[in-house]
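Asker: Below is one structure. I have some questions about it.
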Amino acid sequence: MGRAFEYRKATKMKRWGNMARVFTKIGKQITIAVKEGGSDPETNPRLRVLIQQSKKENMPKDNVDRAIKKATSKDEADYKEMVYEGYGPNGIAIVVETATDNPTRTVANVRSYFNRYGGSLGTTGSLQFLFDHKCVFKITPKDGVSLDDLELELIDYGVDELVEDEGDIILYGDFQSYSSIQKYLEENQFEIHSAEFERIPNDMKELNEEQQAQVQKLLDKIEDDEDVQNVFHNMAE
């Protein structure tokens, strides 16, 4: 098992355990995907995967349709993807990904969380060197295709880690390799459950129990914000 997979297993976010939050997150991603690539899944690869993911999460079709219509409506505000970076208590690096229709509100909220819980918000890009930006695909195994053979095949498409997890296969690749990996999987008729982007820390920081609790209060507060999509950090669990 590689570093990326171990980190992912240790930091599965609570917000994905709440169905309403899952639907909100996917809905915003669908709206953004439609804005960027159009409303036709046949010509919009990102939208195609998100619709498939919405089905796996049992998201109602009406929710998907509303998210698509939101992207094409002139009366609706646009979502913008904003990334905020800072340090929490005890020097823990934290990256916050948001999708918001009001960046002024969102940055003010995020800054207030950092300040209230003993951290400080930094400038965009200040923590980039601490995290590897990865694309992550979860797919269904295919009969007759071994994990080793698939890994050898996908290396040429940008995949650098491949693991089995609870009957599925999880692929990790360079952020820039998303399109080529998706194209290979679709052309070879692999069923894609989800396709996401994650930030994997280069080094994990060990804290004692009391220090972990201090950081966790900040992480919980950030994750409760409706504009927040993902939170990544380098605190060892």
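Asker: Select, from V215, V231, the only residue that is closer than 27 Å to E81 by Cβ, touching a Pro at 6+ places or on another chain (Cβ under 6 Å) and β-branched (V, I, T).
Answerer: Step by step, each of V215, V231 is checked, and only V215 is closer than 27 Å to E81 by Cβ, touching a Pro at 6+ places or on another chain (Cβ under 6 Å) and β-branched (V, I, T).
Asker: Search the stretch 62-80 for residues that are of a type in the set (S, T, N, Q) and pair each with any residue that is in a helix (DSSP H, G or I) and open to solvent by 40 Å² or more (accessible area, probe 1.4 Å) when their beta-carbon atoms are under 7 Å apart and the residues are at least 6 apart or on different chains.
Answerer: Short answer, once both residue conditions are applied: none.
Asker: Between a residue in the stretch 155-183 that is closer than 16 Å to Q53 by Cβ and any residue that is surrounded by fewer than 20 Cβ atoms within 10 Å (Cβ to Cβ) and of a type in the set (S, T, N, Q), which pairs come within a Cβ distance under 9 Å, given they are 6 or more apart or on different chains?
Answerer: Hits for this filter: D168/T140; I169/T140.
Asker: Just give me the residues in the stretch 107-150 being of a type in the set (D, E, K, R), assigned to a loop (DSSP other than H, G, I, E, B) and in contact (Cβ under 8 Å) with a residue 24 or more places away in the chain, in sequence order.
Answerer: K142, the sole residue that qualifies.
Asker: Select from the stretch 50-89 the residues that are in a loop (DSSP other than H, G, I, E, B) and either among the β-branched types (V, I, T) or buried (at least 19 other Cβ atoms within 10 Å of the Cβ) (or both) and list them in ascending order.
Answerer: Scanning the stretch 50-89 gives M59, Y79, G88.
Asker: Restricting the stretch 87-102 to residues that are within 20 Å of the chain's Cα centre (by Cα) and of a type in the set (S, T, N, Q), which is farthest from V231 (Cα to Cα)?
Answerer: T100
Asker: Does E166 count as in contact with a strand residue (DSSP E or B) (Cβ under 8 Å, 6 or more places away or on another chain), open to solvent by 20 Å² or more (accessible area, probe 1.4 Å) and among the charged types (D, E, K, R)?
Answerer: no
Asker: If you go through the stretch 210-235 one residue at a time, how many are closer than 14 Å to P89 by Cα and not in a helix (DSSP H, G or I)?
Answerer: 3
The values are calculated or read from the model by the stated rules, or taken from the named source; none is laboratory data. The shown structure was predicted, so the numbers you read here are calculated from the model rather than taken from an experiment. Please note: Cβ atoms are built from the backbone with ideal geometry, for glycine as well, and neighbour counts cover all protein chains shown. What goes into the accessible areas is simple: the full protein's heavy atoms, side chains included, and nothing from ligands, DNA or RNA. Shrake-Rupley method; radii C 1.70, N 1.55, O 1.52, S 1.80 Å.
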